[in-house]
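*Asks:* Have a look at this one before I ask anything.
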Amino acid sequence: MSYLRPFLKASSRAILKLFLETYETWGGNMKKMTRGIIALILLSWSAQVQAVGDFQLWTELKLAHPFGKSPWTLHWATENRFGEDASKYITFNTTLGFDYKAFKWLKGGLFYRYEKNRGKAGENRIFPQADLTTMFGHVELSTRQRFEIRLFPDDTRFRYRTRFKVGVPVAASPLSYKPYVSEELFVEPGHGGLNQTRFIVGNTFGFRKDKITFDLYYLLRRDENNPNPWTNRHVLGTSLAFKI
């Protein structure tokens, strides 16, 4: 991990700098409010990021197919994860599902995911979720509420995930971008309650009126491994998405 830490720190600093520069020219209360929101989230993260942990690389490919002017959209995604200082392949998953845009600010969806972790049995996962989004000045505020039914060969588990996200969309041509920060909590009744958190700082680049997007992000994942204390995973992630 030591030889990768300078690269990881440089990457996270670059993403943070891009986030701040997007609204550097704004003035007054909007600028103060936006920085205040980000500062509150970063305070909890900054005390944790110095801890030693595994470095991982996550890569994702996503396809979305809107049905014309219909509120329905079909989604497919696949993800590969590399751990132990990004030297070993550890996780594969693929996801298929749809969502329905009930209002401008509300989407509901139902998804199925198959996930296989190295050395463990495969998991079949079904999860309904709801996404709520609103604009507050130049700032996009969103939350995702997800309820997971996790089916293992010898067990069935239920998990609730709640994510809060703050982004700053910047419309430009030919490239748009949206720097963001988010925090997600994982709660699994009967298996430790709150047992995982994920803090993300990143940027979404948009091409061809956002028909193609590319996410580059740093993720701090913390897991409670009872009876062991919380452990950290430092993730450099990418996600390439197409609307077809």
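All of the numbers you see were taken from the coordinates with simple rules; none came from a lab. Note that the structure is predicted; figures quoted are calculated from it, not measured. Methodologically, a virtual Cβ is constructed for each residue, glycine included, from the backbone with ideal geometry; neighbour enumeration extends over all protein chains shown.
*Asks:* Which number in (1) free of Cβ contacts under 8 Å to residues at least 40 places away in the same chain; (2) in a strand (DSSP E or B); (3) under 26 Å from residue 157 (Cα atoms) marks the one condition that residue 191 misses?
*Replies:* (2)
*Asks:* Do we find that residue 143 is touching an Asp or Glu at 6+ places or on another chain (Cβ under 8 Å), free of Cβ contacts under 8 Å to residues at least 24 places away in the same chain and of a type in the set (Val, Ile, Thr) in this structure?
*Replies:* yes
*Asks:* Among the residues of the stretch 154-169, is any among the basic types (Lys, Arg) and farther than 19 Å from residue 217 by Cβ? Talk me through it step by step, then tell me what you get.
*Replies:* So the first thing to find is which residues in the stretch 154-169 are among the basic types (Lys, Arg), and the list is 157, 159, 161, 163, 165.
If we keep only those that are farther than 19 Å from residue 217 by Cβ as well, we get 157, 159.
The answer is yes, given that some residue of the stretch 154-169 is among the basic types (Lys, Arg) and farther than 19 Å from residue 217 by Cβ.
*Asks:* What's the number of the only condition in (1) of a type in the set (A, V, I, L, M, F, W, C); (2) touching a strand residue (DSSP E or B) at 6+ places or on another chain (Cβ under 8 Å); (3) surrounded by fewer than 18 Cβ atoms within 10 Å (Cβ to Cβ) that residue 136 fails to meet?
*Replies:* So residue 136 meets the others, but not (2).
*Asks:* Say whether the condition of being surrounded by 14 or more Cβ atoms within 10 Å (Cβ to Cβ), within 18 Å of the chain's Cα centre (by Cα), of a type in the set (S, T, N, Q) and in a strand (DSSP E or B) is met by at least one residue in the stretch 115-129.
*Replies:* yes
*Asks:* Quick one: residue 96 ticks every box in (1) within 23 Å of residue 192 (Cα to Cα); (2) part of a strand (DSSP E or B); (3) of a type outside the set (Lys, Arg) except a single one, so which number is it?
*Replies:* All conditions pass for residue 96, except number (1).
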